[in-house]
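Only the coordinates and a few stated rules stand behind these numbers; no lab work does. As the structure is a computational prediction, the values presented were derived from the model and not from experiment. In this analysis, Cβ positions are derived from the backbone assuming ideal geometry, glycine residues included, and neighbour counts consider all displayed protein chains.
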Amino acid sequence: MYSSIISDIRRAFHSNMLSKLVIVNVAAFLLIGLVWFIGMITHAQAIQSAYQEIVNQLGVTESFMQNLRKPWTYVSYMFMHSGIFHLGWNMILFVWFGRIIGDFLGDRRILPIYLMGGLSGVIFLMLVAAITNLAVLNNVLMIGASASVMAFAMAAATLSPDYSYRLLFFGDIRLKYIVLALMIIDVVYMSVGNNVAGHLSHFGGAIFGWAYIVLLRRGTDLTEPLQKFFKIITDKATNIEARGHSRIKKRVLQGEEYQAVNRSQQKSHDEHQLDFEERLDNILEKIKKKGYDNLEHEEKEFLNKASNKQD
């Protein structure tokens, strides 16, 4: 049974970036939670102190100077959660909205949006804390993927506001109203002083999600630098793995003949890519105006093939 579970996790981890991020979040929660659990049942002060130190070292604060001494916290905090319900709620929403972004924009944009949305949440919190100097924002320690999740939520709602989800007891609800409800919940919690810093970071993530789609429609992809960086890392890892399997590779085409064929293939690929992206942009614009359900069958098939191709 255990080998079957491990095999399922391994397959899920290699399926798409959405699954990878969920697995990483769950794994981080279990590993750090194990330290907390051992400290709780043994009442060992050293273990309890170790757990708190781990959280302190991985959580992010509202202070730029404190974060400057621990720059990794700008990323590490996105993979930390304070409890099972905190983790579960974030991962459910992440899968909901992440699938929409993955289907429409491709799997390669999932990780960059996750990281940039979470970073935007921290930056927004630090700006508000510096400008307002509110006591409730002093000496806070923030963990969780909520800002990243809100980036996906707002991006999905901006991309396709009339996309519908069927919710238990509520029926079909359009995406724009689901995200609006989440934003109202944030405002209500802040008004009663409940985790003000965390809910402020949600707005930072939401601002990024909205701005990302708006700029993407105008031809600017904010995640492109990170996409290129991760592609370089992936290509290097692939090359290392390939060399491990086979150190001797033969080229079928060499010299000028190889270069001529390569240039011809690249030119053909570039022309095809331009046509592909133009049609995809037209379909996405139609979804924005009329909703997914109003697409023709051929357009839905093209969108599905485009998603698979980008994944």
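A few notes on this one:
- Over segment 10-224, relative contact order from alpha-carbon pairs under 8 Å, at least 6 apart, %: 22
- Phi angles of segment 38-48 translate, via the Karplus equation with coefficients 6.51, -1.76, 1.60 and θ = phi - 60°, into HN-Hα couplings of 5, x, 5, 7, 9, 6, 7, 5, 5, 5, 5 Hz per residue; Gly and Pro are given as x.
- Length gained when the stretch Gln66-Asn16 is fully extended (0.36 nm per residue, less Cα-Cα span): 14.5 nm
- Stretched out straight at 0.36 nm per residue, the stretch from Ser82 to Asp281 would grow longer than its current Cα-Cα span by 67.6 nm.
- Most to least packed among 162-172, 133-143 [average Cβ atoms within 10 Å]: 133-143, 162-172
- Shape of segment 103-198, Cα gyration tensor, a/c cut at 1.5: oblate
- Shape of segment 10-224, Cα gyration tensor, a/c cut at 1.5: prolate
- Here the Karplus relation 6.51 cos²θ - 1.76 cosθ + 1.60, evaluated at θ = phi - 60°, turns the backbone of segment 204-221 into coupling constants of x, x, 5, 4, 5, x, 5, 5, 4, 5, 4, 6, 4, 5, 8, x, 10, 9 Hz, with x for every Gly and Pro.
- Each residue of segment 128-141 was assigned a 3J(HN,Hα) from its phi angle through the Karplus expression (A = 6.51, B = -1.76, C = 1.60, θ = phi - 60°), giving 5, 4, 6, 6, 8, 6, 5, 5, 5, 9, 8, 6, 9, 10 Hz with x at Gly and Pro.
- Ordering of 108-117, 50-59, 87-96, 152-161 by burial proxy (mean other Cβ atoms within 10 Å per residue, highest first): 152-161, 108-117, 87-96, 50-59
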